[in-house]
1. Quick one: which of Leu107, Leu99, Leu95 is modelled with pLDDT of 85 or more, under 23 Å from Phe133 (Cα atoms) and open to solvent by 70 Å² or more (accessible area, probe 1.4 Å)?
2. Pick from region 38-53 the residues that are at pLDDT 80 or above and open to solvent by less than 60 Å² (accessible area, probe 1.4 Å): which of them is nearest to Ala76 (Cα to Cα)?
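The values are calculated or read from the model by the stated rules, or taken from the named source; none is laboratory data. No experiment lies behind these values; they were computed from the predicted model shown. Side chains are part of the model used for accessible areas, which takes the heavy atoms of the whole protein and leaves out ligands, DNA and RNA. Shrake-Rupley method; radii C 1.70, N 1.55, O 1.52, S 1.80 Å.
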Amino acid sequence: MADVTPTVEALRRWLAVAAASVLGLLLVVVVLPGVLSNYVLGIGTIVLFTIPGAVALNIVFGLCGQISAGNAAFLAIGAFVAAGLTNSSPDMPTLLVLLIAAAVGALAGVLVGAPAVRVRGLLLLVSTLAVHFIVLDSTETYQKDEVGQAGLASEAHAGGVPAVGPRYPGC
């Protein structure tokens with residue numbers, strides 16, 4: 001049996017990667033908002049919100065070799081939960097809103113995934129595509145009937161920073 005004890009060199013590499021990651025995170029969170037324009041920060045925010053979807057697609061398509069179309073639906077469910085919580089409870093901490101939204105999106109994924117676990121290939125695509133269109137139709141109907149096509153306008157605070165005018169959750 002091979003020895004799997006980490007070597008000192010491997011631990012040093014891991015610590016170097018961890019330190020670089022923390023420094024990079026500090027750079028993004030502390031320095032960049034004071035240097036970059038609101039436009040660039042908005043694009044960066046969209047990119048950061050897109051990363052979990054890309055990672056999920058990589059796991060399903062790349063690692064498992066399955067074809068699924070439900071990922072966007074689960075992200076949309078989480079996004080609507082986050083927008084609703086931000087709009088209804090503006091004083092709720094942003095991290096708590098994100099955790100609740102992620103949990104609700106994950107719960108929706110588990111509820112859909114439980115019966116879909118038995119199918120593969122195109123049958124998985126069809127079943128998850130159905131979920132995608134159900135969520136898409138539901139969200140479009142809700143927006144049209146309740147808040148209009150512009151989205152959920154909110155005067156809430158984003159991470160403790162007061163909004164100047166109408167704010168759209170996630171921006």
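1. The conditions single out Leu107.
2. Thr45
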